[in-house]
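Shown next, in structure tokens, is the structure this report addresses.
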Amino acid sequence: MAGELILIVEDNEKNLKLARDILRFHGFRVVEAMTAGEGLAAAREHQPDLVLMDVQLPDMDGVSALAELRRDENTAAIPAIAITAFAMKGDRERLLAAGFNGYLSKPIDVWTFPDSIRDFCEQTRPKA
Ligand code: MN
């Protein structure tokens, strides 16, 4: 079985590299984008199984980027997980209410991150 394709949208190069390296090591395939605009284009082009969306991006915040993703019928059904650096009280609820399928806080935990992503993939996998 081919690994799930994960689109990482993250403008911080170090965080992007860390997430990519961990996911690849654990058998996922990875597509990367460093802006929301690039991420939306990559989602249309590659149809990933899951999008990991940094909430703070240079051109658009993650909630607006998610709205764009949902607005386009070619990407509307792709599951998306929010990743945020400054987890504040209420963030989780706010991001889930905005339509994200899940939520992770930075820094990425090397040990739990792959299992979390695997769980999200299983929860959001289209039913046959
Ligand atoms: Mn950011």
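Quick look at the values:
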{"quantity": "For the chain, share of DSSP beta bridges that run antiparallel, in % to the nearest 5", "calculated": "5"}
{"quantity": "FRET efficiency, R29 to R94 (Cβ-Cβ, R0 35 Å, nearest 0.05)", "calculated": "0.70"}
{"quantity": "Nonlocal amide H pairs with L52, under 5 Å, H built at 1.01 Å", "calculated": "L7, I8, V9, I81"}
{"quantity": "Fewest-first ranking of V110, V31, using other Cβ atoms within 10 Å as the exposure measure", "calculated": "V110, V31"}
{"quantity": "Amide H within-cut-off set for Y103, under 5 Å, with H built and near neighbours excluded", "calculated": "A82"}
{"quantity": "Under the Karplus curve 6.51 cos²θ - 1.76 cosθ + 1.60, θ = phi - 60°, whole-Hz ³J(HN,Hα) for region 106-111, x wherever Gly or Pro sits", "calculated": "8, x, 5, 8, 3, 7"}
{"quantity": "Compactness of region 24-128, expressed as Rg and Dmax over alpha-carbon positions, Å", "calculated": "13.1, 37"}
{"quantity": "Separation of the D59 and S116 label points, Cα + 7 Å toward Cβ, nm", "calculated": "2.6"}
{"quantity": "Relative exposure of T75, T124, T112, judged by other C-beta atoms within 10 Å (fewest first)", "calculated": "T112, T124, T75"}
{"quantity": "Segment T124-R44, length gained on full extension (0.36 nm per residue, minus Cα span)", "calculated": "27.0 nm"}
{"quantity": "Computed helical MRE - 222 nm, the chain, DSSP H runs ≥ 4 contributing -39500 (n - 2.57), nearest 500", "calculated": "-12500 deg cm²/dmol"}
{"quantity": "Extension gain (nm, one decimal) between R70 and D21, 0.36 nm per residue minus Cα-Cα", "calculated": "14.9 nm"}
{"quantity": "Most mobile of P58, P114, P79 in a GNM of the chain (Cα contacts under 10 Å)", "calculated": "P58"}
{"quantity": "Unit charges at the beta carbon, dipole of region 30-128: most positive-side option, V110, A98, G37", "calculated": "A98"}
{"quantity": "Qualifying lysines (Cα of each under 16 Å from Cα of K17; at least 8 residues distant if same chain)", "calculated": "K106"}
{"quantity": "In order through region 60-74: 3J(HN,Hα) via Karplus (6.51 cos²θ - 1.76 cosθ + 1.60), integer Hz, x for Gly, Pro", "calculated": "6, 7, x, 5, 5, 5, 5, 4, 5, 4, 6, 6, 8, 4, 6"}
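Just so you know, all these numbers are worked out from the coordinates, no wet-lab data involved. These numbers were taken from a predicted model, which means no experiment stands behind them. We place every Cβ from the backbone using ideal geometry, glycine too, and count neighbours over all the protein chains shown.
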